[in-house]
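Report on the following structure.
Just so it is clear, none of the values below were taken in a lab; they were calculated from the coordinates. The structure displayed is predicted, hence computed values, not measured ones. Cβ: placed from backbone, ideal geometry, glycine included. Neighbour counts: every protein chain shown.
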Amino acid sequence: MAKKSKTQKAKASAARQQRKVERELEAANPQPAKAEEAAPEKKGLFKKSSDASASSDSGKPAKKAEEKPKKKRFQFLRDVKAEMKRVTWPTRTDVLRWSGVVVVALLFFGIFVAILDNAIITPLLVLISGISLG
């Protein structure tokens, strides 16, 4: 059996956590409304909050709408932190190995261009233009 990556482990952990929350909600509410089962809420960037619309429809002051941005103020940073945990970071040996490859490639192409310029391009331009270098 293949070894799971950190991303796969994180996804499996998130799925387990979601199932746990759903079981707890079912235990708290043994008979959920059928309308909620038929149309699950979609997650998205521009989803309207049902709490804000419910409070504005009932005529109550929209205190929840004012408190919600405070709760969401640092949500982006929490999301970034969670996403950074899912990243598969390279090991130290991988970083050193690929850094060496980059340095060797830079040296090779630098020497190649220098030789090409001094040994081929410059004499060819001198020959074509008729300018003497001495």
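Please tell me which of these pairs span more than 21 angstrom C-alpha to C-alpha: Lys9/Lys85; Lys6/Lys81; Lys11/Lys71? The answer is Lys11/Lys71. Among Lys3, Lys20, the ranking by other beta carbons within 10 Å of each residue's beta carbon, starting with the fewest, stands as Lys3, Lys20.
Counting Lys and Arg as +1 and Asp and Glu as -1 over every other residue whose Cβ lies under 15 Å from the Cβ of Val80, the net charge comes to +4. Using only alpha-carbon positions in segment 90-133, the gyration tensor eigenvalues give semi-axes of 39, 6, 5 Å once each is multiplied by 5 and square-rooted (largest first).
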